[in-house]
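The block underneath contains the structure these notes are about, expressed in structure tokens.
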Amino acid sequence: MRLPKRLQEALDLIRSLPKELKTQVLLDYAKRVPPPPQGVELERVHECQTPFFLRAEVAEGRVRLHFMVPDEAPTVKAFAGLLKEGLEGEPPEAVLAVPPTFYQGAGLEELLTPLRLRGLEAALLRLQAQVRQAL
């Protein structure tokens, strides 16, 4: 499986860390999620129990991502940060090629419940659907 370079680097970093530091890195990703610009219409990811809203746009051959997740949900916001870090600015084809279980092997399974991981998968699938629709 070939992932976009920044996404692969993020997963490699998480994989290389002990469990305690993985949590800290995820929280750092949560802090990197800027609020969406005014006027961007976000779509809710209903599979997530936490309110998780997103929008993927394609402009000039590159994917732009916008998220809104409450600060009170740092784990879920970390998913948004990881997706933004790894997929922002990539060509649509690269984003569409990411498999839903891209995180496997990075050790997230030892930190997060299966329900949370399914939410991450659902967010990626929703982004990919929006990218397809934008093309």
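Just so it is clear, none of the values below were taken in a lab; they were calculated from the coordinates. None of the values given here were measured: they were computed from a predicted structure. We place every Cβ from the backbone using ideal geometry, glycine too, and count neighbours over all the protein chains shown.
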* Most exposed first by the Cβ proxy, i.e. fewest other Cβ within 10 Å, how do Val40, Val98 rank? -> Val40, Val98
* **Rounded to 10°, Cα long-axis angle of helix 114-134 versus longest principal axis of the chain** => 20 degrees
* Using Cα pairs closer than 8 Å and at least 6 residues apart in sequence, work out the relative contact order for the chain, in percent. => 32 percent
* Set of aspartates and glutamates near Lys22 by C-alpha distance (under 17 Å), chain-local residues within fewer than 8 positions excluded -> Glu9, Asp12, Glu85, Glu109, Glu110
* Whole-Å distance, taken between Cα centres, linking segment 96-134 and segment 45-63 -> 12 Å
* Structure fact -> For the chain, the longest principal axis of the Cα atoms and the Cα long axis of helix 5-16 enclose an angle in degrees, to the nearest 10, of 20 degrees
* Structure fact -> In the list (1) 0.97; (2) 2.04; (3) 1.05, the entry giving Cα Rg over 2.2 N^0.38 Å computed from the coordinates is (1)
* To do: On a 0 to 90° scale, report how tilted helix 19-31 is relative to the longest principal axis of the chain, with both axes built from alpha carbons and the result rounded to the nearest 10.
  => 30 degrees
